Amino acid sequence: MRELTIDAFPNVCRTLYSATLSDILDSFGYRNRWMHHTIRPLSPEFVIVGRAATMQIAEVDEEADAPYEMLIEAMDSLQADEVVVIDCNRSDRTAVWGELLSNAAVARGARGVVMDGLCRDVARILGIGFPTFARGTLCTDIRGRGRVVAYREPIECGGVRVNPGDVLFGDIDGVLAVPCHIWPEVLERALEKTSVENKVREEIRSGALLRDVWAKYRVL
C-alpha cells in the first residue's frame, strides 16, 4: 500500500484524475466527497493535490484594529505539500485570496488553494502558476468585509466536510476531499484503475467493441 509522502504528490498530479478518484471513493461508500461544481480552477491546466490546511472566514461589517491577524497566523503555519482550504460560507462580498497570499503560500511550500468564495489578482496568480480553485473573482479586499475566525479546525467547503490533513485533489473536472485515513488505499486502487483504463482506451481505439471491452475489464 502506498504511503502519503511528499515525493508522491507530483506523481499523483501527473497520473490521476478527479473522475478516477471519485469512482474509487464511490466503491468505498464515500459518495459525497466532491465539492460543488461552481468551484473551478483559474486555469484548466491547474491540478492540485496535498494535505488540507483548513481556514474559516466569517463576514464582518466593520474594520477591526488588527484585520489580518489570524489570517497571518494561518498563512505562517503552512507546511510543505499542504493545500489551503477555505470555508467562506459561499460569500460573494469579498475576494478572500490574492497574489500576495499566493506568493506567501508558495514560499511555505503549499501546493494550492481551494475556496468556496472569490479571489482576485487573477492575472498575477496565473503568472506565478499557483493552483487556485474558487467560485469566481472579485476586486474587493477582505478588510472590513471578512476575517479569519479559525484555522486548522474541521470546516465545510463546497458542501464537503474537510478535516485538517485530509487529502485534496482537484482538476478541471472538480475537487475531491479524501479522508486521510483511507487515502493510501484509495491511491493504490486509483492507480490500478488508471492502468486498466489505459488498456481499455487502447483496445477501443484499435476497433474493439465497447461491449466486449466492458465484459473483459468491467471498467467504463
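The values are calculated or read from the model by the stated rules, or taken from the named source; none is laboratory data. Note that this is a predicted model, so its numbers are computed, not measured. Cβ placement follows ideal geometry from the backbone for every residue including glycine, while neighbour counts extend to all protein chains displayed. These accessible areas exclude ligands, DNA and RNA; they are computed on the full protein's heavy atoms, side chains included. Shrake-Rupley method; radii C 1.70, N 1.55, O 1.52, S 1.80 Å.
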Subject >> Among (1) open to solvent by 70 Å² or more (accessible area, probe 1.4 Å); (2) out of contact with any Phe, Trp or Tyr (no Cβ under 7 Å at 6 or more places or on another chain) - the single one S91 does not satisfy >> reply: (1)
**OP:** Give the range 44-100 a look and list any residue that's of a type in the set (S, T, N, Q) and either more than 23 Å from P164 (Cα to Cα) or more than 15 Å from the chain's Cα centre (by Cα) (or both), or say none.
**Re:** Q56, S77, Q79, N89, S91, T94
Original post:
Residues of the range 156-180 being at pLDDT 95 or above, open to solvent by 40 Å² or more (accessible area, probe 1.4 Å) and closer than 20 Å to E82 by Cβ, which ones?
Top reply: E156, R161, N163, P164
Original post:
Among the residues of the range 135-147, which ones are aliphatic (A, V, I, L, M) and surrounded by fewer than 22 Cβ atoms within 10 Å (Cβ to Cβ)?
Top reply: L138
Original post:
In the range 161-200, which residues are within 21 Å of A110 (Cα to Cα) and among the hydrophobic types (A, V, I, L, M, F, W, C)?
Top reply: V162, V167, L168, F169, I172, V175, L176, A177, V178, C180, W183, L187
Subject >> Residue list for the range 5-19, filter: touching a residue at least 60 places away in the same chain (Cβ under 8 Å) and more than 15 Å from the chain's Cα centre (by Cα) >> reply: I6, A8, T15
Subject >> the range 27-36, residues that are within 16 Å of V160 (Cα to Cα), surrounded by 12 or more Cβ atoms within 10 Å (Cβ to Cβ) and out of contact with any Cys (no Cβ under 8 Å at 6 or more places or on another chain) >> reply: Y30, R33, W34, H36
**OP:** Filter the range 1-51 down to residues that are at pLDDT 90 or above and charged (D, E, K, R) and give me whichever is nearest to V122 (Cα to Cα).
**Re:** R40
Subject >> Criterion: under 18 Å from A134 (Cα atoms), open to solvent by less than 90 Å² (accessible area, probe 1.4 Å) and small (G, A, S) - qualifying residue of A64, A80, A74, A105 >> reply: A105
Original post:
Just to be sure, is I142 touching a strand residue (DSSP E or B) at 6+ places or on another chain (Cβ under 6 Å), closer than 21 Å to Y68 by Cα, of a type in the set (A, V, I, L, M, F, W, C) and at pLDDT 95 or above?
Top reply: no
